[in-house]
Amino acid sequence: MASTVSLENLIRKLRKKLRQIENLERLNRPLLEEEIIKVQSKFALRDELKANLEALHQLEKVTEADGEESEENDDFPAAEEDVDVEDDGEYNENSVAVGAEDPSDRGDAEVSSLPSLPSLPSGKVEVSSGKPDEVVVSGSKKGEEAKAKPAKLSLARAPCRVTSLDGHSDLVTSLAVVGGKVISASRDTTLRCWDIATGKEEKIFGGHTETVTCVIVLDKLFSRSVADTSLSSEDHLIVSGSFDSSYKLWSLNSGQMVKSVYTFNPVTCIHFSEAQAMLITGSDGGKLELWDLASGSNLWSNIVHRGSVTGVKVVEKTVFSSSADGVLKVHHVADDRKLSCVFESENLKSASGRQMNVRHVRCLEYGPKGLFYGDDSRNIKIVDWRKGIANKVPNHGSSFTSIDAICCHDDYLVSSSYDLDNGLGYINVRSSRTLEYLATIDDRETERIVCLAISKLPSGNFYVVSGGMELKVWEVGNKGGQWRTTSLIEDADFVKLLHKGSLSRTAIDSETDVSDEEEDDDDEDDDGDDASVEESDEDPEKKESGQAASWMSWCAVL
């Protein structure tokens, strides 16, 4: 029988190869023949990995049975496994029935149902940095005293209705929600508009010639000012960026292109600054550029990152940017609308004073607690750039994962998590104000999630839209509410929200993750830190449900 050490080393090598394959699948170019062969070995590698993980588990059980005493942690009893919160009622298409059992009698995973969220102005693309809105808890035993306290959010008893929006032929790369509509951008070179109430595709925006990497929707007031009088007072401007080195403006109501601006660089991300009335674009070559949307003129351009720009956020006169080189930068917007760098994260430290590992930054977001980013590790980082410190909250139970999307809206922070071992993704939900872990949304069959959007419904429910090789709507039901999204689709699925015990604890550093240097060589042993095999949060049923299909598919533009 193989030793524990040899199995751990083999598992580490298999995970390293899977990481390489995932990086190949995310490239914005057709793969070479040898790269395609490598990608096609993914399923066999996952089968081998699963067999070795099971063998390691059995070996550890035998070792324990032979008399080795395992240490018990009294602080976290029996919390390693996910908890499916059971519901006493039945799901149906028109209502949400939730049992009335007192959640306090059912352990840590049982908590109260979700209160309604305060509304945001429709169509805003700026992220507010103001104080959290007050949430009043109705029916509180403490009466008026409760009005001064924010409501305790909880999702563990809420059911979730899952529907798929079918239309794109390739990876969905970016999402925007406005009113009752969802705008999706894709590697198939199109944008599409969906009615969230019916699940129907309303419009296809065709004009880009390569991957559409990003999309935002402007407020009505700014849409009119940018497009002059060509838009109605009820119309919105959609702004999209693409690898075809252009950004384009579209009318939401008509679906027509209003303007196209050539940028000379592949556009990877965009953000509109209402305070400065300008568009900020990030490029594949590490360049940030400022644009006057009304005229299409370039206001400022400079290479600020060594790698591709992976995220841009603007708060008043501060611009945050992230890159594939693992560095975050903070820029000040001067009165002449030029950027000056005031911070970069190369010397960023954790709250304990340790130097932060530099990894490919996958996503960037700004919320009530500050600047968030996700990378190829288990933890979401929250950066206090003025102090040069980053705090962490867990997003996965193992180091072999990626955080590809983070989205903040009102009381909620949603993030994607990806399990490298089985190729499946899921969504974690936290309070944006306290970062308390609330629940996990998971149907055990969704592939990698690379973009997210979230919005509230008048019913008190809220929904999350996820994009990857699948475009899905996840409506989380509030007690007594009615299903509002994709209500005309009869084949919707229902899932029960999970509670993952490890996500409620203090974050653990991802020291065992595979570094970029290690990925360069998948045949030789590494002399660095040991990649110990860590226990995953995944439900066993998810492991048995099979592996996700490859999400590498390239469209032909005719």
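The values are calculated or read from the model by the stated rules, or taken from the named source; none is laboratory data. For clarity, every value in this text was computed on a predicted model and none was experimentally measured. So basically every Cβ, Gly included, is an ideal-geometry build from the backbone, and we count neighbours across all protein chains shown. Accessible surface areas use protein heavy atoms only, side chains included; no ligands, DNA or RNA. Shrake-Rupley method; radii C 1.70, N 1.55, O 1.52, S 1.80 Å.
Restricting attention to the stretch 332-357 and to residues that are within 24 Å of the chain's Cα centre (by Cα) and among the charged types (D, E, K, R), the residue that is nearest to W291 (Cα to Cα) turns out to be E344.
Counting only strands (runs of 3 or more DSSP E) that fall entirely inside the stretch 409-488 and contain at least 3 residues that are open to solvent by 10 Å² or more (accessible area, probe 1.4 Å), the qualifying elements are 449-456. Of all the residues in the stretch 327-343, those that are under 17 Å from W385 (Cβ atoms), free of Cβ contacts under 8 Å to residues at least 60 places away in the same chain and either open to solvent by 10 Å² or more (accessible area, probe 1.4 Å) or in a strand (DSSP E or B) (or both) number 10.
On the stretch given as the stretch 365-408, residues that are β-branched (V, I, T), open to solvent by 10 Å² or more (accessible area, probe 1.4 Å) and under 18 Å from S466 (Cα atoms) total 1.
Confirm whether K349 is in contact with a Gly (Cβ under 9 Å, 6 or more places away or on another chain), open to solvent by 30 Å² or more (accessible area, probe 1.4 Å) and more than 26 Å from S225 (Cα to Cα). Judged against the criteria, K349 is a match. Just to be sure, is R26 among the basic types (K, R), modelled with pLDDT of 50 or more and either touching a strand residue (DSSP E or B) at 6+ places or on another chain (Cβ under 9 Å) or on the phi > 0 side of the Ramachandran plot (or both)? Yes, satisfied.
The condition of being of a type outside the set (K, R), at pLDDT 95 or above and either under 19 Å from R46 (Cα atoms) or not in a strand (DSSP E or B) (or both) holds for D404. Among the residues of the stretch 346-370, those that are in contact with a Ser or Thr (Cβ under 9 Å, 6 or more places away or on another chain), farther than 12 Å from V327 by Cα and in a loop (DSSP other than H, G, I, E, B) comprise P368, K369.
Remark: F494 falls outside the filter, which requires a residue to be open to solvent by less than 10 Å² (accessible area, probe 1.4 Å) and modelled with pLDDT of 85 or more. Taking the stretch 371-381 as the range and being in a strand (DSSP E or B) and within 23 Å of S174 (Cβ to Cβ) as the test, the residues that pass are L371, F372, Y373, G374, D375, I380, K381.
Kindly evaluate D284 against the criterion of being charged (D, E, K, R), within 18 Å of W250 (Cα to Cα) and surrounded by fewer than 20 Cβ atoms within 10 Å (Cβ to Cβ). It is false that D284 is charged (D, E, K, R), within 18 Å of W250 (Cα to Cα) and surrounded by fewer than 20 Cβ atoms within 10 Å (Cβ to Cβ).
The set of residues in the stretch 250-274 that are charged (D, E, K, R) and surrounded by 17 or more Cβ atoms within 10 Å (Cβ to Cβ) contains only K259.
When every residue of the stretch 231-249 is checked against the conditions, at least one turns out to be open to solvent by less than 20 Å² (accessible area, probe 1.4 Å) and among the basic types (K, R). Against the criterion of being open to solvent by less than 30 Å² (accessible area, probe 1.4 Å) and among the aliphatic types (A, V, I, L, M), V177 does not qualify. For the condition closer than 30 Å to D443 by Cα, open to solvent by 40 Å² or more (accessible area, probe 1.4 Å) and either in a strand (DSSP E or B) or in contact with a Phe, Trp or Tyr (Cβ under 6 Å, 6 or more places away or on another chain) (or both), I204 qualifies.
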